[in-house]
Structures are given as structure tokens and as C-alpha cells.
Amino acid sequence: MIGKIKSVSAAVLLVVFISTGCSVKEAVKTEITRPAVKNIILFIGDGMGTAQVYAAMSVSKNPLVIESFPYTGFSKTWSANNYVTDSGAGGTAIACGVKTKNGMIGTTPDSAAVTSITEIAHKNGLATGILSTSHITHATPASFVAHNSGRSNYEDIANDFLNGTVDVFIGGGEDYFRNREDNKDLTVNLKEMGYDVVYNLEDLKNSGSAKLAGLLAKKDLPKASEGRSGMLAEMTRKAIETLSRDEDGFFLMVEGSMIDWGGHARNFDYIVSEVIDMDEAVGVAREFAEKNGETLIVITADHETGGMYLSGGNISRKTATAGFNEKGDHTGIMVPIFSYGPGAEKFSGIHDNTFFMSQFLELLGVEK
Ligand code: MG
Ligand code: ZN
């Protein structure tokens, strides 16, 4: 008898017939193999609309890596209580697949905790990582780890890193871990949990630990234009090197946080330097993915910032001029998606920002 072929999410069922001598034995072997996507690297350019990307493409000396991605799409960014989202609700939609109110992190609008892709990946044996150029407890990275109805409760959010679901986290935010109102030093707990806690890029690069906490600034890292240039690429390289040692695969989120801050500042140079800097990190990821063959890279944004528009420019001289809305506020327009690797075609078209999480789970073949 051949067993009924059940479809088990993305698993593959292999039916093998073995014949021996004059009697024919039928054996059913069910071999569950991993689906084509073993690793996912998600880039979030905070506040990165199409104008921000095209501005960087227009002035960059070299073509952006982003521009070479084969699939493009759009994401709708509205939050549960506002047409225009903030980074808390935007991050939560991407990380947890749930629309929440502006200001909330990893919860429903009623403040109930919702599971993030990081937590599910961790539960299923994948290695996990979160990188940010802001402090690691800031809204976007926090959405992948923490559950808090207030995005500014940074010290509470730092506590949530002690749940151990993130193997590698690198960004700023040392103060929220060990210069706290409650006088606790969370780095003591992290070390007990097996993390190598490092405070500079050199120590980070030299660490051989599978669990890494890189707190590379008291609060936020510097701007790309003020000494940070290339650091996100190095952080990405280290995270991939560390996480890819896990045979079960990995999920990594990399945030270019300050594209948003450039938009709030209505500052063209700030924005393009941050987009170009994130693109360098995308290049590191793409280099790995090309060799690896089982890695999906998705680049998107949580929302657009500044209502940025390009009013003119010169292609051969690589210049562009931009305008912004009055206060450099977030806007409600759709944001771009760029994807590369196995499963990348799933991200073309127009999607809601809650789509990422369910699609990631399907491609990885893991369940909630
Ligand atoms: Mg952010
Ligand atoms: Zn913002």
C-alpha cells in the first residue's frame, strides 16, 4: 500500500518503491526536505519611498545594488488607526503580520502581544539577527523582538532582548541596557545567556561567538556622513558570517534607520548618503546570496518620510534637486519592494505590509 500523499506545508514527500527478490515490497519513505528558501535577509529602509531611492540612484557614483534586483513591488503602509503610519505600527505589520496603532510595538491595537517572524524563526531552529543604525531598542528593530504598547519605553524594550529569540543584534543603545533608571545591567544577563557583548566594531569582527550583542554606541550610531559610512555593511557581513553557521538557516533584518531622519530633516544629502550606505550592506548580502543560492533578499520600507519629490536634476552630472512637505512628516504613499533570490517573484505586485510575515513563513516552510 502506498500511503496517502499529504501535503505538509512546503515539505516534499518522496515515495520510494523498493523491490526485493520475487516479492515486491512497497515502502513509503517520507523525507521532509527544506524548501528552496533557507535564509531570509530583510532590509528596511526607514522612510524610504521611491523618491529617496531614485535620488540616491541619480547621484551615486556607482550604480546601486538595489537597482539590479529582478523583482519589484509596492507595499501599502496604513496603520490600524491612521492612514499615515509611524515606524512602530509599520515595523509591527512587517515583523508580526498585524496592523496596530501608531506608537505600538509587537502588539495588537488592544495591547496584546503578537508573535514576530524572529520569534517563530527562533522557535523553528533558525538563527536570527537584527541590525540597526539607530539604537537597537528603537521602533523598527524593537518590532522584531519586543512587545510594548509604547515605543518609547526603551528600557522595557531592552528587557525583551533577554527572551533570547535574537542570536545576533547589533546597533546602538548601550545606555538602555546598562545605564538604566532601575540600575540593572542587562549585559550581565546577556553574558549569562552566552552572548558575547561587544562595544566596538573591532571586537565585533573578532568575536567567534554564535550569540552576539553589539552595542556600538550609547544611543544611536553616528550618521553615515559623520563617520559611520560602511559600518552597516560590516555589521551585515559579520551577522551573515555568524548566522550562516546554523544548518537550519537564518532570518536577518537589517535597518537603514536614518533615511527617515534625513526625511524629517528635509535634507537631501542626509537622505542619499543613508540610502547609499544601506545599499552597500545590500551588496554584502547579495554577494552571499549569489554564492549560497538558498537565500532570499527583500528590501522595503515601513513608510515614506518627508513627502520627498524630485523637481529636477542632471543625469550626466549626477545631480538632483528635491522638495519636501512642510514639516518633513511621514506620508501615506505606497513604498517600494525589491527582491532577489528564491521566492523573490512572490513579492512583485501590490501587497499590504502585513503580507511579508505570512509570505516569509510560507517560503521558509515553518509554522507559527
Ligand atoms: Mg526605524
Ligand atoms: Zn520617522
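In region 124-152, the residue that is surrounded by the fewest Cβ atoms within 10 Å (Cβ to Cβ) out of those that are away from ligand 1 (no atom under 16 Å from the Cβ) and either hydroxyl-bearing (Ser, Thr, Tyr) or without any contact (Cβ under 8 Å) to a residue 24 or more places away in the chain (or both) is 149. I'm trying to understand the selection: among the residues of region 296-318, which are over 18 Å from residue 277 (Cβ atoms), buried (at least 24 other Cβ atoms within 10 Å of the Cβ) and within 16 Å of ligand 2 (Cβ to nearest atom)? Those that are over 18 Å from residue 277 (Cβ atoms), buried (at least 24 other Cβ atoms within 10 Å of the Cβ) and within 16 Å of ligand 2 (Cβ to nearest atom): 303, 304. Answer yes if at least one residue in region 45-56 is assigned to a strand (DSSP E or B), on the phi < 0 side of the Ramachandran plot and in contact with a strand residue (DSSP E or B) (Cβ under 6 Å, 6 or more places away or on another chain), and no otherwise. The answer is yes, given that some residue of region 45-56 is assigned to a strand (DSSP E or B), on the phi < 0 side of the Ramachandran plot and in contact with a strand residue (DSSP E or B) (Cβ under 6 Å, 6 or more places away or on another chain).
Take the conditions (1) within 16 Å of ligand 1 (Cβ to nearest atom); (2) farther than 18 Å from residue 138 by Cα; residue 87 misses just one of them, which is (2). Scanning region 75-129 for residues that are touching a helix residue (DSSP H, G or I) at 6+ places or on another chain (Cβ under 8 Å) and in a strand (DSSP E or B) gives 75, 105, 107, 127, 128, 129.
Scanning region 119-159 for residues that are among the charged types (D, E, K, R) and either closer than 24 Å to residue 77 by Cβ or modelled with pLDDT under 95 (or both) yields 119, 151.
Restricting attention to strands (runs of 3 or more DSSP E) lying wholly within region 170-275, give those where 1 or more residues are within 16 Å of ligand 1 (Cβ to nearest atom).
250-256
Filtering region 78-105 down to residues that are within 12 Å of ligand 2 (Cβ to nearest atom) and surrounded by 24 or more Cβ atoms within 10 Å (Cβ to Cβ), which residue is nearest to residue 332 (Cα to Cα)? My answer is 85.
Kindly provide the set of residues from region 301-349 that are among the hydrophobic types (A, V, I, L, M, F, W, C) and over 19 Å from residue 89 (Cα atoms), ordered by number. 308, 310, 315, 320, 322, 324, 338, 344, 347 - these are the residues of region 301-349 that are among the hydrophobic types (A, V, I, L, M, F, W, C) and over 19 Å from residue 89 (Cα atoms). Looking only at region 339-360, decide whether some residue is acidic (Asp, Glu) and touching a strand residue (DSSP E or B) at 6+ places or on another chain (Cβ under 8 Å). The answer is yes, given that some residue of region 339-360 is acidic (Asp, Glu) and touching a strand residue (DSSP E or B) at 6+ places or on another chain (Cβ under 8 Å).
The values are calculated or read from the model by the stated rules, or taken from the named source; none is laboratory data. Here the structure is a predicted model, which means the values were calculated and not measured. With ideal geometry, Cβ positions are generated from the backbone for all residues, glycine too; neighbour counts draw on all protein chains shown.
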